[in-house]
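To start, the structure under review is shown below, and the notes come after it.
The values are calculated or read from the model by the stated rules, or taken from the named source; none is laboratory data. In this text the structure is predicted, and so the values were computed from the model without any measurement. Positions of Cβ are generated from backbone atoms using ideal geometry, with glycine treated the same way; all protein chains shown enter the neighbour counts. Areas reflect the complete protein model, heavy atoms only, side chains present, ligands, DNA and RNA absent. Shrake-Rupley method; radii C 1.70, N 1.55, O 1.52, S 1.80 Å.
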Amino acid sequence: MPNPSPRRAPATAASAQPSPLATPAEVAAHLGVPVKTLYQWKYRGTGPNVHKVGRHLRYRWQEVDAWLDSQTPYDLIA
């Protein structure tokens, strides 16, 4: 699949780690929800914390994971 953003640098060994910031599309894919759902959650103030970087929305993976953990109504027993 071609890279959708021509401004992104090609992946190298040093940049193989995931970025600490994620786009709405990346978070939506991670959570298995449509991007529109993330925008609705942002509007309602119920979703993961979102930050504006310039005119773009970005999520911190730490905050997405923390929000996801807080959504679990009970502790899972292994």
Would you point out the residue of the stretch 5-35, among those that are of a type outside the set (A, V, I, L, M, F, W, C), more than 16 Å from the chain's Cα centre (by Cα) and open to solvent by 70 Å² or more (accessible area, probe 1.4 Å), that is modelled with the lowest pLDDT?
Pro6
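Of all residues in the stretch 36-49, how many are within 10 Å of the chain's Cα centre (by Cα) and without any contact (Cβ under 8 Å) to a residue 12 or more places away in the chain? Spell out how you get there, then give the answer.
Let us first name the residues in the stretch 36-49 that are within 10 Å of the chain's Cα centre (by Cα), namely 38, 48-49.
From the residues that got through so far, the ones that are without any contact (Cβ under 8 Å) to a residue 12 or more places away in the chain too are none.
Of the residues in that region, 0 qualify.
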What number of residues within the stretch 36-66 satisfy the criterion of being open to solvent by 40 Å² or more (accessible area, probe 1.4 Å) and closer than 17 Å to Pro20 by Cα?
13
Filter result (of a type in the set (S, T, N, Q) and assigned to a loop (DSSP other than H, G, I, E, B)) within the stretch 39-78:
Thr46, Asn49, Gln71, Thr72
